[in-house]
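The values are calculated or read from the model by the stated rules, or taken from the named source; none is laboratory data. On a predicted model such as this, the values are computed, not experimentally measured, just so you know. Neighbour counts run over all protein chains shown; Cβ positions are idealised from the backbone, glycine included.
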Amino acid sequence: MALLLVFMSSLLFMLLSSYALQLLTDVRRRLPPGPRPLPVIGNLLDVLLVGKLPHRSLARLAEQYGPLMTLRLGTVVVIVASSAATAREVLQTHNTALSGRNPPDAWNGMGHAANSVFVLPPRNKWRALRRIGAEHLLSPRRLDGDALRPLLRDAVLGMLRRVSELAASGAPVEVGHAAFASVMDLQWRAMFSVGLDEPTSRELHGFAREAVAHSLRPNVSDFFPALAAADLQRVRRGFATHLARVYQLIDQQIERRRDARQAGDGDARKDDLLGVMLDMSEEQGKDAVDALVNQDFMRAFFTDIFLAANDTISGTIEWAMAELLQDPQAMTKVQQELKNVLGSKMHVEYSDINQLPYLQAVIKETLRLHAVVPLVPNKAEATVKIHGHTVPKGSTVLVNVWAIHHDAELWPEPNKFIPERFLKQQEEVSFQGAVDLRFVPFSAGRRTCLGLPMATRMIHTMLGSLLHRFKWTLLREVEGSGVDMSEKVGITMAMASPLQAMARRI
């Protein structure tokens, strides 16, 4: 017993000494201000208490400590930028030094982090993945070309068909799922030239959501990296379990195509993303990019594309519909605009978007209120100075997009849905971020969302088509209480309660 007391006393003394040294070091390094961290756990209770949403917790702390602040989450130093001015320093001025990534420990499951475009450092492999995606799947040239434009149209028509069937039967429409199923089928066809049947689609959706939920669960391994190898909460193993099925389905597509090529099947050389990557892998490393393209590389890249769209497009459509259902005036305005521009045309095409300014304003206002990714996580690969404060090498640097989009100095009545604010802007506020970075729904700088060209096309055409073809009403039991607008955060910020509504053909 005496030895145990001596051990516990020594441990407590070491922890308190470490805590005091940490505070002294922080002062000397001139870190940005922030709440005083507790011994061992740091500021975890300030940010991650049960029921707290991190983007909201951090926005409240920024009101007290300023737009650039320091927190310690366990042993990890976190610098948070919560204003347009500090975001510009991170995403533009010092973006070369601040565009690294600290992958969540869960992403090491199945070795995924080693090939993930989301979390790789901005070096050769990351650049290769970005280039392949941008040139061969997600560039405006490809999306508007003969190969992919029909797939985008079929995705919109498939969604309208699903909603029409539910409307005809008098059943409610789960808006997010109707959009998601079509986007997922589009992705699968663009990657592999085959569609997804409904059971496989639902299975993939479930596994993807579970994988994302595991990967973003508060994890002691992320806050105390020295303990990561033990995977104490089994988060990494949970992520790997759910990811394994997604990998299996992707591997089946890769092996099937490889076997067909080896058998000399002329139809096996398709103009899709898998075809491009197999061509590169068969070049036997003629350049540095070709040498990287192996089975692990392909599997991880296809999975990233799939996970990225898990809720991005469908989630934005769901939030927009929820806002419009509670704002009859805005709903009438956008539907009247669609009627005036489209007439008897049955659905919106990308070529129509420039003639639909109010629809564009609705989508921008939705993305302002409900940021796709509310917190953009970067890593400092070198020490830099921002507004007189030190951002040390190795620290995590978060840009709180949600806080910027809710800044009352930039956005009067920031919590209200007012699409008209985007019609009144004297200069264009684009999805790539305004010059002053007050609107950055898809981030900015080197880590700008790779899927931005596809997302902007699909959100406008899918939402516009839903509003043009159907009259939408809330479920009777929801009309009195209103839509549940509470959030849950995964890779993207989704509605905690999936939106259901009644559709009737116009």
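Run down Val401, Val341 and say which single residue is surrounded by fewer than 20 Cβ atoms within 10 Å (Cβ to Cβ) and of a type in the set (A, V, I, L, M).
Working: Val401 fails: surrounded by fewer than 20 Cβ atoms within 10 Å (Cβ to Cβ).
Matching residue, one of Val401, Val341: Val341.
Name the residue that is modelled with the highest pLDDT, counting only residues in the range 338-376 that are more than 27 Å from the chain's Cα centre (by Cα) and basic (Lys, Arg). By that ranking, first place goes to Lys339. The conditions of being more than 30 Å from His112 (Cβ to Cβ) and basic (Lys, Arg) are not met by Lys393.
For the range 387-506, which helices (runs of 4 or more DSSP H) that fit wholly inside it have 1 or more residues that are farther than 30 Å from Gln187 by Cβ and basic (Lys, Arg)? Step through it out loud before you land on a result.
On the way: elements: 401-405, 420-423, 452-469, 476-479.
Those helices (runs of 4 or more DSSP H) span 420-423, 476-479.
Within the range 335-388, being of a type outside the set (A, V, I, L, M, F, W, C) and touching a Lys or Arg at 6+ places or on another chain (Cβ under 6 Å) holds for Tyr350, Tyr358, Lys379, Thr383.
Of all the helices (runs of 4 or more DSSP H) wholly in the range 73-173, which have at least 3 residues that are over 22 Å from the mean Cα position of the chain (by Cα) and of a type in the set (D, E, K, R)? Talk me through it step by step, then tell me what you get.
On the way: elements: 84-88, 124-136, 140-143, 149-169.
Result: 149-169.
Among Ser486, Ser481, Ser443, which is the only one that is farther than 20 Å from Lys416 by Cα and of a type in the set (Gly, Ala, Ser)?
Details: Ser486 fails: farther than 20 Å from Lys416 by Cα; Ser481 fails: farther than 20 Å from Lys416 by Cα.
The conditions single out Ser443.
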